[in-house]
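In what follows, a single structure is set out as structure tokens and then discussed.
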Amino acid sequence: MIGGRPPQAVRRAAGRTVGRNVSRVGITLALAFAALAGGAGYWQVVRSTDLSTSPDDPAVISAVRHVPRGRILDRRGTVLASNKLDANKEPYRSYRDPVMSPVIGYASRQYGMAGLELAYDAQLAGLRRSDPVADMLTKFQAKRYAPQDITLSLSLQLQRAAVRGLGRDQGAVVMLDPRTGEVLALASTPTFNASALANPTTAAATWKALNDDKSDPLLPRATLGRYVPGSVMKIVTAIAAFRSGSITKDTTYEQQPAAEKTGLLVSGYRVRDGHHLFTGDKALDFIEATEVSCNIYFALTGLRTGGAEIDAAARKLGFYAPIPFDLPTAPSQLTNGGGPLPGGFLDRVELANAAYGQAETNVTPLQMALVAAAVANDGVLMKPHLVRSLHGADGTQTVAPETWATVLPFNDAAVIKSAMQRAVEGQYGRLFTTGAKVPGISTAGKTGTAQLGGSGEPNSWFIGFAPVEQPRIAIAVVVAHGGGGGARAAPLGGDLMKLFFDTEANR
């Protein structure tokens, strides 16, 4: 007996203890090996692409220096970006036309990358492939890098015409297909010579000159420039009003005719609008008020609709956040926020002014092109995109259209369409949108004359689309300090839409 227990019982107890300990050690080792295998699998498979494209990977650094990047082409196959060799036989980028520089950007050894060169760096450098399986196995292959060519939705012809039309003014043009979200022109002025920035022998002098230029040519105004919109914002107010049911196409305001002469009194502030006194004592309905761009009507509509509903509609359109796009975008806003009223408005005066595009309202040209596109596409907003396809050794990857949001019902969009058509083709509307009409094609639009305060000229705006029945093109034009909307933006918008139908509509 051992401690009152038979020797056999002691041996059996000891055996069970050893067995339990061995089992525990085995389980622990199995779990440890499973964790190691899982970690190795995660880094070798799931995160393999990130590792193989890491900018501090010596192979990546070597590829950037020695492997020619993929080409960038426009929608017709015209080469926009290619490669040249320097004296040391090392490749550097060469760009076809400066009109594309704010979009394509640059790839410079000394100063890094911008634009599409940065956004699609992995694909252009061949660090990422169109086939996900091939992408994960890249580092095990003898030929590690396979640069891809990128075909854009942009038209070099439209882009050139837009830049030429903007001339020496600072401004931007955005043209897109409202049915698909394909961007056909994304012009900003002034532009710059990206080839001189990419060429190692001229890069330093070019970089200094660009940074010393007070006109800021490196700013892509179509996506990052923010402007007071003026009356083009009335379309956003209309979308909010119809979404909320606060107005119909027959809504009128009895105080509107008299307020045309005396001003609309809102909390001690008078909203003025004296440029269409030819409407006399008539109380305008929605379509008539849009045709003559009546500030009083839209101020009253904004107050009736309320800040919460206008804010909700604006957010549905993409305000207050970066737009999902190939390039970085600045957020548009109705107000700086922080006010006590719904939507963050400071008071009723700010709300009334924002409803017709003044006060603290700031927008990007891309944002306003999307507003026009949403109305044109029967209330359905498509995600904008610049890339049509990527082509490499592993095949071609096509970018398909993608719905972003349903902004308003079909019937309400139809009413706003009709109003915007009257704003271009109506008896009174065409007085404010001279040149916007595309000959032989039904055209809709809205001008904006954005007052900036002081003695400078206002921003000149136009948004529109055509044909009204089945829109193929939507556009936004802004000319900083360009005067009235009908002075610069509307005729340029009309010319560019006409060029689209003459050259691109059937391609």
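The values are calculated or read from the model by the stated rules, or taken from the named source; none is laboratory data. Every value quoted in this text rests on a predicted model; they were computed, and no experiment measured them. All Cβ positions, even for glycine, are placed from backbone atoms using ideal geometry, and neighbour counts span all protein chains on display. Please note that ligands, DNA and RNA were not included when accessible areas were found on the heavy atoms of the full protein model with its side chains. Shrake-Rupley method; radii C 1.70, N 1.55, O 1.52, S 1.80 Å.
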Does the stretch 215-227 hold any residues that are open to solvent by 60 Å² or more (accessible area, probe 1.4 Å) and without any contact (Cβ under 8 Å) to a residue 60 or more places away in the chain, and which are they?
Asp216
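Every residue, every condition in (1) among the β-branched types (Val, Ile, Thr); (2) touching a residue at least 40 places away in the same chain (Cβ under 8 Å), yes or no:
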{"position": "Pro229", "(1), (2)": "no, yes"}
{"position": "Gly245", "(1), (2)": "no, no"}
{"position": "Thr251", "(1), (2)": "yes, yes"}
{"position": "Leu264", "(1), (2)": "no, yes"}
{"position": "Tyr269", "(1), (2)": "no, yes"}
{"position": "Arg272", "(1), (2)": "no, no"}
{"position": "Leu277", "(1), (2)": "no, no"}
{"position": "Lys282", "(1), (2)": "no, no"}
{"position": "Ile296", "(1), (2)": "yes, yes"}
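What number of residues within the stretch 489-506 satisfy the criterion of being farther than 14 Å from Lys437 by Cα and not aliphatic (A, V, I, L, M)? Talk me through it step by step, then tell me what you get.
Taking the stretch 489-506 first, the residues farther than 14 Å from Lys437 by Cα are 502-506.
This time we only want the ones that are not aliphatic (A, V, I, L, M), so: 502-504, 506.
So the count comes out to 4.
Based on this model, can you work out whether Asp212 counts as modelled with pLDDT of 95 or more, surrounded by fewer than 24 Cβ atoms within 10 Å (Cβ to Cβ), at positive phi and charged (D, E, K, R)?
Values: modelled with pLDDT of 95 or more: yes; surrounded by fewer than 24 Cβ atoms within 10 Å (Cβ to Cβ): yes; at positive phi: no; charged (D, E, K, R): yes.
Here the answer is no, as Asp212 does not meet what is asked.
Residues checked against (1) among the β-branched types (Val, Ile, Thr); (2) at positive phi; (3) out of contact with any Gly (no Cβ under 9 Å at 6 or more places or on another chain):
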site	(1), (2), (3)
Val407	yes, no, no
Lys417	no, no, yes
Tyr428	no, no, yes
Leu431	no, no, no
Gly448	no, no, no
Gln470	no, no, yes
Leu499	no, no, yes
Has the stretch 454-464 got at least one residue that is at pLDDT 95 or above, buried (at least 19 other Cβ atoms within 10 Å of the Cβ) and farther than 18 Å from Asn362 by Cβ?
yes
Is there any pair with a first residue in the stretch 478-507 that is over 16 Å from Val183 (Cβ atoms) and a second that is modelled with pLDDT under 95 and part of a helix (DSSP H, G or I) whose Cβ atoms are under 6 Å apart and which are 6 or more apart or on different chains, and what are they?
Gly486/Phe432
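Residue-by-condition table, conditions (1) open to solvent by less than 10 Å² (accessible area, probe 1.4 Å); (2) in a strand (DSSP E or B):
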| position | (1), (2) |
| --- | --- |
| Ala373 | yes, no |
| Leu381 | yes, yes |
| His391 | no, yes |
| Ala400 | no, no |
Taking the condition of being closer than 22 Å to Met368 by Cβ, not in a loop (DSSP other than H, G, I, E, B) and not β-branched (Val, Ile, Thr), how many residues in the stretch 207-230 meet it?
5
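Does the stretch 323-382 hold any residues that are among the acidic types (Asp, Glu), over 23 Å from Ala450 (Cα atoms) and free of Cβ contacts under 8 Å to residues at least 60 places away in the same chain, and which are they? Let's see the steps before the verdict.
First, the residues of the stretch 323-382 that are among the acidic types (Asp, Glu): 326, 347, 350, 360, 378.
If we keep only those that are over 23 Å from Ala450 (Cα atoms) too, we end up with 326, 378.
Across the stretch 323-382, the qualifying residue is only Asp378.
Return a yes/no flag: does the stretch 404-426 have any residue that is in a loop (DSSP other than H, G, I, E, B), over 16 Å from Asn377 (Cβ atoms), in contact (Cβ under 8 Å) with a residue 12 or more places away in the chain and not hydroxyl-bearing (Ser, Thr, Tyr).
Within the stretch 404-426, the first condition is being in a loop (DSSP other than H, G, I, E, B), and the residues that meet it are 407-409, 426.
Next cut, over 16 Å from Asn377 (Cβ atoms) only: 426.
Subset that is in contact (Cβ under 8 Å) with a residue 12 or more places away in the chain: 426.
So of that shortlist, the ones also not hydroxyl-bearing (Ser, Thr, Tyr) come out as 426.
Taking every residue of the stretch 404-426 in turn, at least one turns out to be in a loop (DSSP other than H, G, I, E, B), over 16 Å from Asn377 (Cβ atoms), in contact (Cβ under 8 Å) with a residue 12 or more places away in the chain and not hydroxyl-bearing (Ser, Thr, Tyr).
Name every residue in the stretch 421-440 that is out of contact with any Ser or Thr (no Cβ under 7 Å at 6 or more places or on another chain) and open to solvent by less than 60 Å² (accessible area, probe 1.4 Å), in order of residue number.
First pass over the stretch 421-440, keeping only residues out of contact with any Ser or Thr (no Cβ under 7 Å at 6 or more places or on another chain): 426-431, 434-435, 438-440.
Residues satisfying the conditions are Gly426, Gly429, Gly435, Val438.
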Candidate set: the stretch 441-453, residues that are touching a helix residue (DSSP H, G or I) at 6+ places or on another chain (Cβ under 8 Å) and among the small types (Gly, Ala, Ser); chosen: the one most open to solvent (accessible area, probe 1.4 Å)
Ser442
Could you check the stretch 400-416 and list, in sequence order, the residues that are of a type in the set (Ser, Thr, Tyr) and within 20 Å of Ile247 (Cα to Cα)?
Thr406
Which residues, counting only those in the stretch 229-255, are surrounded by fewer than 22 Cβ atoms within 10 Å (Cβ to Cβ) and in contact with a strand residue (DSSP E or B) (Cβ under 8 Å, 6 or more places away or on another chain)?
Gln255
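Let's see how each residue does on (1) open to solvent by less than 30 Å² (accessible area, probe 1.4 Å); (2) over 14 Å from Asn199 (Cβ atoms); (3) at pLDDT 95 or above:
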site: Val46; (1), (2), (3): no, yes, no
site: Thr49; (1), (2), (3): yes, yes, no
site: Ser52; (1), (2), (3): yes, yes, no
site: Pro58; (1), (2), (3): no, yes, no
site: Ser62; (1), (2), (3): no, yes, no
site: Gly105; (1), (2), (3): yes, yes, yes
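So is Ala352 closer than 21 Å to Thr180 by Cβ, crowded, with 24+ Cβ neighbours inside 10 Å and either out of contact with any Lys or Arg (no Cβ under 7 Å at 6 or more places or on another chain) or of a type in the set (Phe, Trp, Tyr) (or both) or not? Please lay out each step first, then the result.
Numbers: closer than 21 Å to Thr180 by Cβ: no; crowded, with 24+ Cβ neighbours inside 10 Å: yes; either out of contact with any Lys or Arg (no Cβ under 7 Å at 6 or more places or on another chain) or of a type in the set (Phe, Trp, Tyr) (or both): yes.
For Ala352, the condition - closer than 21 Å to Thr180 by Cβ, crowded, with 24+ Cβ neighbours inside 10 Å and either out of contact with any Lys or Arg (no Cβ under 7 Å at 6 or more places or on another chain) or of a type in the set (Phe, Trp, Tyr) (or both) - is not met.
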Selection within the stretch 430-447 - modelled with pLDDT of 95 or more, in contact with a Lys or Arg (Cβ under 8 Å, 6 or more places away or on another chain) and not aliphatic (A, V, I, L, M)
Lys437, Pro439, Thr443, Lys446
Within the stretch 66-89, residues closer than 16 Å to Ser155 by Cβ and either of a type in the set (D, E, K, R) or open to solvent by 70 Å² or more (accessible area, probe 1.4 Å) (or both) come out as Asp74, Arg75, Arg76
Within the stretch 487-507, how many residues are part of a loop (DSSP other than H, G, I, E, B) and either open to solvent by less than 20 Å² (accessible area, probe 1.4 Å) or of a type in the set (D, E, K, R) (or both)?
4
Per the filter on the stretch 221-262, residues touching a Phe, Trp or Tyr at 6+ places or on another chain (Cβ under 9 Å) and on the phi > 0 side of the Ramachandran plot are Gly230
Contacts under 6 angstrom Cβ, first residue in the stretch 66-77 being under 11 Å from Tyr92 (Cα atoms), partner open to solvent by 20 Å² or more (accessible area, probe 1.4 Å) and in a loop (DSSP other than H, G, I, E, B), 6 or more apart
Val67/Tyr145; Arg69/Pro147
